[in-house]
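Working notes, structure below.
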Amino acid sequence: MTQKLKLPPQVKETELKDLYKQMWLIRLFEEKVDEFFAKGMIHGTTHLSVGQEASAVGSIAVLESKDKITSTHRGHGHCIAKGATVNGMMAELFGRTTGYCKGKGGSMHIADVDKGNLGANGIVGGGFAIATGAALTSQMKKEGYVVLCFFGDGASNEGSFHEAINLASIWKLPVVFICENNQYGMSGPIREMINIPDIATRGASYGIPGKVVDGNDVFEVMNSVNEAVDRARNGEGPSIVEAKTYRSKGHSKSDAKKYRTRDEEKEWLLRDPIKLMAGVLIEEGILTQQEVEQIKEEAKKEIEESVEFAKNSPEPTLDDLMEDIYA
Amino acid sequence: MRELTYLEAVREAMSQEMRTNEDVFILGEDIGVYGGAFGVTRGMIEEFGPERIRNTPISEAAISGTAVGAALTGMRPILELQFSDFMTIAMDNMVNQAAKIRYMYGGKGKVPMVLRTPAGSGTGAAAQHSQSLEAWMAHIPGLKVVQPSTAYDAKGLLKAAMDDDNPVIFYEHKLCYRTTSDVPEEVYSIPLGKADIKKQGTDVTIVATAIMVHKSLEAAEELEKQGIHAEVIDPRTLVPLDIETIVQSVKKTGRLVVVHEAVKRGGFGGEIASLIAESEAFDYLDAPIKRLGGKAVPIPYNPELEKATIPGVSDIIEAAKETLNRL
């Protein structure tokens, strides 16, 4: 490894290829989902994180397998980065029994509890306290795991943000709150919704660190999240890491994006996180241009296979309707 | 057998469970040295320490969600909400998270938590500290709802609630706290979903919950003097509901009075009346079903007005006699 590229100790240079592939899996999964919604092949709604892949991949890259996450309504990326199979995810969006939620959750509720993904959440701000509770379990049972709580800029104006972070702080719980500031809460520009430049500074109110990072730079994300995770694991309590990024697509499937300009979108596109990561990997001599392209093709193939898997999976029967309401 | 108050029975159930199950802990506001708003946890912090009798900030949104997150990851939390009116602030976590997680996630994950909370009027605490909102929770698939009326039932039902792998809302009526009954010292469990016939009778069935069980028993005693043998049934749990015991009773008596303190409009009594109307007991009815419930008004402060808001013993007597054409 060259001197220029600083990696946290948890991330080996040999893993970077896998992480780069994760970025593409997320991108291509979501583009496929976008296409299927446009064609009416899957119903309901979906929230895409295209353009935000680096915050998911970079944050989760520094975790150990025992660590846990809570996700958001824009959660496909977190799910893939935490080790979910695209087969199970695509099947879920197709509403099939082989999906992560047996076809009962859909895009907004994918969870993979066995792998430590405590779930996406349809309630904005719904994850703060759940992550805090999971961190409390870690502390009380001395399980040594850390919880990453992903949230958006919009969620930072929910009461649960303030209540849960205060609680996590006074109890020094092993949780890291990762703000994916993608500039908009649905149509609401964050600059109109808060009166401070950075959400991370809210950490000061609760006596915890808050750090702003370039959310499109996967390496910057991993280094900063790593510091926060270390701190949490050492019993020093929670932190906020704010990854400034951009939601390339609209809020959900029906969004004409009247609240922002095409110029602004183009500007952010210049700093596309996948492009940035590929550039660094090539420059550092970790991957060749050919390998970079090959990885994209591999990811594409996996997504195609996931579509076949989903299409060929069984629909739930009406007998399944009333199953799993109670344990 | 020794007598315990309802309040002591609740405390004993928790203490006995906590001595044998390390995963059980309590969190709530002022539950430490103060002993809780009504003194239920008094003395517990001395025995179990501040880790397991966890005093929290005044943050119902955070502590309810924290309980959900802790339960989802292997603890068995008991959350004490100081007044059941504050459910409004914990509502999102109970309704959108706790109740739905298992189903939404396709049967993966479980939320074994108990939310204990004092309900009801009669203490002069007026509109925001006196409500009976159990019908809200009974409306939500995924929750269980318990309403003990006696010390004996409180201890056994709380044991069942703590053993249950689902979120259970456990309503404690404030005026029941000082009532006493024989309570065995050993641990015992009363299954959720099993009604109790508090008094046998043949002429009219009175179904009552919480404090109204006591009022109905008083009414039944008076009716007895007038030669009317009322059967008093306490469902004890609204979800699951033991409708069968009520159906059998109504088939025997041919008359039904349903009484609760909660506002009559939209109250759970309407559900019981409807279930009977839909059941085989309908053909046995000799009179229209009578429902008694609170008036549709915020609970007032003035003691006479407060009393007039909810059904009294004389109302129950009158309703029973009305079904018998004995007015």
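Taking 37 °C and 0.692 mPa s as the conditions, I'd like the Stokes-Einstein D for the stretch B:117-272 in µm²/s, using the Kirkwood hydrodynamic radius from alpha carbon pairs. My calculation gives 206 µm²/s for D. Pairs of Cα atoms in chain B fall into 10 Å distance bins, from 0 up to the last occupied one, in shares of 6, 27, 34, 23, 9, 1 percent. When the chymotrypsin sites (Phe, Trp or Tyr not before Pro) in the stretch A:221-327 are filtered for DSSP coil states and for at most 15 other beta-carbon atoms within 10 Å of their beta-carbon, the remaining sites are A:Tyr259. Remark on B:Ala262: its backbone amide H falls under 5 Å from those of B:Gly294, a criterion applied only to residues 5 or more positions apart or on other chains, H modelled at 1.01 Å from N. Computed over the alpha-carbon pairs of the stretch B:196-323, the distance histogram in 5 Å steps reads 2, 12, 23, 25, 20, 11, 5, 2, 0 percent, short to long. The smallest convex shape that holds all Cα atoms of the stretch B:131-209, its convex hull, gives 122 Å³ per residue. Under a Gaussian network description of chain B, with springs only between Cα atoms under 10 Å, the residue in B:Lys295, B:Lys108, B:Lys155 that fluctuates furthest is B:Lys108. With just the Cα atoms defining each centre, how far is the stretch A:213-247 from the stretch B:254-327? Give it in Å. Using only Cα atoms, the two centres lie 58 Å from each other. The antiparallel fraction among DSSP beta bridges confined to chain A stands at about 10%. The mean number of Cβ atoms from other chains found within 10 Å of a Cβ in peptide A:122-132 is 6, as a whole number.
Taking amide H atoms as placed 1.01 Å from N in the peptide plane, the amide H of B:Val207 lies under 5 Å from those of B:Ile233, B:Val257, B:Val258, B:Val259, each 5 or more residues away in sequence or on another chain. In the distance distribution for chain A, Cα-Cα pairs more than 36 Å apart total 15 percent. Treating each Cα of the stretch B:3-182 as an identical point scatterer and summing with the Debye formula, the log10 of I(q)/I(0) at q = 0.12, 0.14, 0.15 Å⁻¹ comes to -0.49, -0.68, -0.79.
Ordering B:Leu217, B:Val207, B:Pro298 by Cα displacement along the dipole of the stretch B:196-323 toward the positive end leaves B:Pro298 in first place; charges were set at the Cβ atoms of Lys, Arg (+1) and Asp, Glu (-1). Using a cutoff of 8 angstrom between alpha carbon atoms and counting only pairs six or more residues apart, the relative contact order for the stretch B:113-216 works out to 32 percent. Sum up the charges of everything whose Cβ sits under 15 Å from the Cβ of A:Lys253, counting Lys and Arg as +1 and Asp and Glu as -1, but leave A:Lys253 out. The answer is +1.
Could you list, in their original order, any pairs among A:Lys104/A:Lys244; B:Lys252/B:Lys290; A:Lys68/B:Lys144; B:Lys198/B:Lys225; A:Lys21/A:Lys102 whose Cα atoms are separated by more than 23 Å? Distance filter (> 23 Å) returns A:Lys104/A:Lys244; A:Lys68/B:Lys144; A:Lys21/A:Lys102. Of all DSSP-defined beta bridges confined to the protein assembly as shown, some 15% are antiparallel rather than parallel.
Relative contact order for chain A: 24 percent, from Cα pairs under 8 Å spaced at least 6 residues apart, divided by residue count.
Diffusion coefficient (Stokes-Einstein, Kirkwood radius over C-alpha pairs, 4 °C, 1.567 mPa s) for the stretch B:177-240: 100 µm²/s, rounded to a whole number. Looking at the stretch B:132-233, the GluC sites (Glu not before Pro) that sit in a DSSP loop and have at most 11 other Cβ atoms within 10 Å of their own Cβ are B:Glu185, B:Glu186.
Mind checking which of B:Val187, B:Val24, B:Val250 has the largest fluctuation in a GNM of chain B, springs on alpha carbons under 10 Å? Answer for the Gaussian network model of chain B: B:Val187. Semi-axes, largest first, in whole Å: what does sqrt of 5 times each Cα gyration tensor eigenvalue give for the stretch B:263-318? Semi-axis lengths for the stretch B:263-318 are 28, 13, 5 Å. Between the amide H of B:Leu115 and those of B:Leu79, B:Val168, B:Ile169, B:Phe170, distances stay under 5 Å, these residues lying 5 or more places away or on another chain, with hydrogens modeled in the peptide plane. Pairs over the 23 Å Cα-Cα cut-off, from the set B:Lys159/B:Lys251; B:Lys199/B:Lys251; A:Lys142/B:Lys159; A:Lys6/A:Lys300; A:Lys172/B:Lys174: B:Lys159/B:Lys251; A:Lys142/B:Lys159; A:Lys6/A:Lys300; A:Lys172/B:Lys174. Over all pairs of different C-alpha atoms, the stretch A:278-327 has a mean inverse distance whose reciprocal, the Kirkwood radius, equals 14.5 Å. With the crude spin-label approximation of a point 7 Å out along Cα→Cβ, what separation in nm comes out for A:Ser205 versus B:Arg326? Distance between the two pseudo-spin positions: 6.3 nm. Among B:Gly156, B:Gly43, B:Gly312, the largest mean-square fluctuation in a Gaussian network model of chain B, built with springs joining Cα atoms closer than 10 Å, belongs to B:Gly43. Hydrodynamic estimate: the Kirkwood radius of the protein assembly as shown over Cα pairs, inserted into Stokes-Einstein at 4 °C and 1.567 mPa s, corresponds to D of 48 µm²/s. Across the stretch B:3-182, C-alpha contacts under 8 Å between residues 6 or more apart give a mean separation that, scaled by the residue count, equals a relative contact order of 27 percent.
Applying both filters, DSSP loop and at most 11 other Cβ atoms within 10 Å, to the trypsin sites (Lys or Arg not before Pro) of the stretch A:1-82 gives A:Lys4, A:Lys6, A:Lys12, A:Lys39, A:Lys66.
No lab work stands behind these numbers, since they all come straight from the coordinates. Model, not experiment: these values are computed from the prediction. When we count neighbours, we look across all protein chains shown, and the Cβ atoms used for this are built from the backbone with ideal geometry, even at glycine.
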